[in-house]
1. Of the numbered conditions (1) within 16 Å of ligand 1 (Cβ to nearest atom); (2) more than 23 Å from residue 74 (Cβ to Cβ); (3) touching a residue at least 40 places away in the same chain (Cβ under 8 Å), residue 218 satisfies every one except a single condition; which is it?
2. Suppose we filter 36, 68 for residues that are among the aromatic types (Phe, Trp, Tyr), within 15 Å of ligand 1 (Cβ to nearest atom) and more than 13 Å from the chain's Cα centre (by Cα); which single one remains?
3. Tell me which residues, restricted to the stretch 168-194, are more than 9 Å from residue 106 (Cα to Cα), part of a helix (DSSP H, G or I) and among the basic types (Lys, Arg).
4. Here is a check on your reading of the model: is residue 166 away from ligand 2 (no atom under 16 Å from the Cβ), outside the structural domain of residue 75 (by TED's automatic domain parsing) and free of Cβ contacts under 8 Å to residues at least 60 places away in the same chain?
5. With the condition kept exactly as written, say whether any residue in the stretch 68-84 is within 14 Å of ligand 2 (Cβ to nearest atom), over 30 Å from residue 253 (Cα atoms) and among the hydrophobic types (A, V, I, L, M, F, W, C).
6. For the stretch 98-119, what are the residues that are under 17 Å from the mean Cα position of the chain (by Cα) and assigned to a helix (DSSP H, G or I)?
7. If residue 143 satisfies every condition in (1) assigned to a helix (DSSP H, G or I); (2) of a type outside the set (Asp, Glu); (3) at pLDDT 85 or above but one, which is the exception?
8. List the strands (runs of 3 or more DSSP E) that sit entirely inside the stretch 38-97 and contain at least 2 residues that are among the small types (Gly, Ala, Ser).
Amino acid sequence: MFFFRTFSFDDRTGWAYDASTMADFIVRTQALRKEFSGNPVLRDVNVGICRGEILGFIGENGAGKSTFMKILSGIHEPTSGFLESEGKSVKFRSPTEARRAGISLVPQEFNLASDLTVEENIFLAPNWPGWGGILNRKAMRSRATALLAELWANARTNDRIDTLSAAQKQLVEVCKALAFDARILILDEPTTMLTRREIDRLMALMRSLKARGMTLIYISHKLAEVKAICDRVAILKDGQRVHTAETAAIQPSEMARWMVGRELSEIYPSKTCELLQALGHCHRWPVRPPGGALHRQHPRVGLPPVHAPGHLRPGD
Ligand SMILES: Nc1ncnc2c1ncn2[C@@H]1O[C@H](COP(=O)(O)OP(=O)(O)O)[C@@H](O)[C@H]1O
Ligand SMILES: [Mg+2]
């Protein structure tokens, strides 16, 4: 299998192709759909994740990013559509099944037992190979120590979770994911609670995991970080993948325009510029929507303003 660095993208299907040969997708989805109580949250999403890349996955709050990743990591089952891992069609019925396929999610909300220790949390997962179902404490401790050191986590294996900082808890979540030989690591908005220094360390960690051959998916609102760290970016809007690009070929301002859609720039031109200025990527007006001139005809009504709750906020 080969990993091609030069792709052309077919945005109708979402598949990336080399000029003549198909790229090496470690995971891909086809027409993935998810409904909650009949409400569609993901609509026919086609995304291919290339082996060894860092894929940025972006979209406004509520676009469906976490739901998509929960399907990839076995937390939710899709309503319809297909998921392929290593070229084979798969159906994950639990996070354990996804983990066996090498896919681990570091969730947006920490999923740690606060009254247990770091090592107990890392190995709480049911498939830890303790002898006869009894946890092998010694093996657990040495593996946890090695993982914490590898991630430069300034925490000890017997520290209780409720004594740790947000950044340390984050690293415990990453340890949990890596403890089971993850080949694909999904980080869902990992920098929200981190300081600048902690973010820089996380970026360095992601680069070193990539250098070791891991595939990473990085969900974020911070478009400058996405540009800096990711090889490609997939953009989700209202449950649909609206664009995919190599990050070398797209500026954060264009990513933001794909996220909010052209209608917002038509209805709320000043707000859109305000948003882009807040992101630090727009210095003059007018902003052109992706792929075309600034049209003002046929404004769609009913779209929320940029500052409505649940949408991008300045500084995000
Ligand atoms: N378990 C659930 N039950 C019902 N609705 C849900 C559930 N999870 C997510 N949603 C809805 O799906 C939409 C997408 O959510 P989510 O995937 O969390 O978006 P994002 O991560 O892009 O912010 C939102 O409108 C959210 O309210
Ligand atoms: Mg989310």
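1. With respect to (1) within 16 Å of ligand 1 (Cβ to nearest atom); (2) more than 23 Å from residue 74 (Cβ to Cβ); (3) touching a residue at least 40 places away in the same chain (Cβ under 8 Å), residue 218 is out only on (2).
2. Sole residue among the options that is among the aromatic types (Phe, Trp, Tyr), within 15 Å of ligand 1 (Cβ to nearest atom) and more than 13 Å from the chain's Cα centre (by Cα): 36.
3. The one that is more than 9 Å from residue 106 (Cα to Cα), part of a helix (DSSP H, G or I) and among the basic types (Lys, Arg): 169.
4. Here the answer is yes, as residue 166 does meet what is asked.
5. yes
6. 98, 99
7. (3)
8. Fully inside the stretch 38-97 and qualifying: 80-85.
The values are calculated or read from the model by the stated rules, or taken from the named source; none is laboratory data. Everything numeric in this text was worked out from a predicted model, so none of it was measured. Here the Cβ is made from the backbone with ideal geometry for all residues, glycine too, and neighbour counts use every protein chain on show.
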